[in-house]
1. Modelled label-to-label distance, A:Arg28 and A:Glu269, 7 Å Cα→beta-carbon offset: nm?
2. Quick one: length gained pulling A:Leu154 to A:Lys59 fully straight, 0.36 nm per residue minus the C-alpha distance?
3. Give the dimensionless ratio obtained when the Cα radius of gyration of the protein assembly as shown is divided by 2.2 N^0.38 Å.
4. Kirkwood hydrodynamic radius of the stretch A:95-261 from all distinct Cα pairs, in Å?
5. Semi-axes of the equivalent ellipsoid for the stretch B:35-298, please: Cα gyration tensor eigenvalues, times 5, square-rooted, ordered largest first, whole Å.
6. Nearest 10 degrees is fine. How inclined is helix B:171-186 to the longest principal axis of chain B, computing both from alpha carbons?
7. With r as the distance between the Cβ atoms of B:Ala197 and B:Thr29 and R0 = 45 Å, compute the FRET efficiency 1/(1 + (r/R0)^6) and round to 0.05.
8. In nm, to one decimal, how far is the A:Arg130 label point from the B:Met130 one, both placed 7 Å along Cα→Cβ?
Amino acid sequence: MKVFLLKRLGFAVFTMFFVVTIVFFLFRSGEADPAAIMLPPDATPRDMEILTKNFGLDKPLPIQYLNFLKNALRGDFGKSFRYNEPAAKVLFERFPASIQLGVTAFFFSAILGLSIGVLSAVRRDGWIDRFGRVLALGGMSIPAFWLGVMLMLLFSVNLGWLPVAGRGEGGLDTLRHMILPVICLSGYPIALITRISRSSMIDALKSDYVVMARIKGVPEPYVNIIHAFKNASITLITIMVPMATVMLLGSVVIETIFSWPGIGRLVVESTFARDYPVVQVFILLITFLITSAYIVADILYALVDQRIRFQ
Amino acid sequence: MKESGQDISQTFSIAPPDEASGKKLGVRTPYLGLFFLGLFFFMVIFADLISPYDPYASDLSKGTLPPFWEKGGSAAHLLGTDFLGRDQLSRIIHGSRMSLIVSLGCIAIYGTIGVILGLISGFVGGRTDMIIMRLTDIWQSVPGLIVILLLVSVIGPSAKTVIISIGIAGWPGYARIVRGECLSLKQRDFVRLAKVAGCSNIRIMASHIFPNTINTLLVLTTMDIAGIIVLSATLSFLGLGTQPPSCDWGLMLAEGRQYITYAWWLVTFPGVAIAITVIGFNLTGDWLREILDPKQVLR
């Protein structure tokens, strides 16, 4: 177990290094000069020079790269070109808004998806199953951004029940602002969780131990939950842990539509403005979270299924 | 394990009803899905013949007309016009072509990369396999959207950028599945026979193993097209994909969004077109999986 974890950690570090390197050189290979984008068109060449020097853009690429690595190890990811503040700080200021939306949406989709999926498997072809299938197909097929626009059209523009955009001013107001983004953000995850939990539940219900439990006369709810669901959850962990991570980091699309001041929107804006440091920190963060999510998923496997001995 | 489970359940008939009665779960033909798909390909093929107007021709005197059943709408423009007076029905019909071009382009790129890497990885095995699989792991821990954002900011937004970036981002799925298929096919007699007969490795991979993965690839491609249509529409919507004045459903939604308060049809119909097409591909993909993938490698 220890050896396994160390191996995984080593791999995670290697992955991050790899990603950072690629990102660094990709960004620097772009034709446009960030200094030219940041400065107004009437800036003098002298201004350009000062700015370029300030951000260390005048040195040769390999040196820039080494400097970047050295600083990154110390937790310094450079200054945002746009805000003239440390890029990490700019990003983390937007973090709470994204987490607020992401965590709510994750729990919403997990609860709804799991209960519909499990109930559909237990009562196959019942009305929940039928409803679940339509829901799953819809969630997979309807683009989140269009769902957002449609809900906005119905509830905000026509009925006027819910606010159009923004984060609200705390308390009940914030809750009202969250309803539509959370529904849109949950659409695809609900579909995925419903599908996976249904199919892995059906497999589990067919297995020897469930049949054995039934023979022993274990009451049906216990069979479903203790025997079948616990085994079905192994597949679910693989899907849901990385999903939770990605949702945590906010949604580029949903945040843009609903003007939610989270990380996703910041990254899109920074991409357009070629504010590399901010995008770099974001990519680093997301790679870090996802690689650790896989490690967490591996550990959870072992806790749920004792047969898995780490190889 | 699994099979013995079914044996027991049949003996004791305590399994869920449909297994106990011995009724085989029939594969339902997805008429709705096939109809939607047919509609989509009809639009793609006959776009020039069936669209009532030139999708790019603007006429400001006829700007933002509502669809024909609304007050102020006319039968001349069945689904109304946009802010530049372009006929929306014609633009939707022509938009289908963009969706198909983009998704086929993406699949051509990442399908090729994925199939080749998967074949090599599965067939050669050993260290090569390990390196390719590690690369796949790394690639999968970077979300596709990030790769796309990166490339868009470096190359600039266009349909080409979308194709290239999704193409670069999407291959790990194909590589993994082809590798898995390849591993099991490698053990089969016809492959061993080919080896004994002196076929080169490349020939075995190309003409003995690859043809046997085509069923799986067909299912995977059908499902993937659905995902790519949603993704490329999302990118166009964000301004990171196709640029005006192209006919693209995502772009149409982005343009219509500014007029959401008084022109509901501009944000509704392009989305309906996307949803119908994607539902068509998804339903057909599910069905193909049932009939072409009995081993259920794609579950």
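Just so it is clear, none of the values below were taken in a lab; they were calculated from the coordinates. Everything numeric in this text was worked out from a predicted model, so none of it was measured. For neighbour counting, all protein chains shown are included, and Cβ atoms are generated from backbone atoms with ideal geometry for every residue, glycine included.
1. With each label point 7 Å from Cα toward Cβ, the separation is 2.8 nm.
2. 28.8 nm
3. Here the Cα radius of gyration is 1.04 times the empirical estimate.
4. Result for the stretch A:95-261, one decimal place: 17.1 Å.
5. Result for the stretch B:35-298: semi-axes of 43, 20, 13 Å.
6. 30
7. Efficiency computed from Cβ-Cβ geometry: 0.60.
8. In this crude label model, A:Arg130 to B:Met130 measures out at 5.5 nm.
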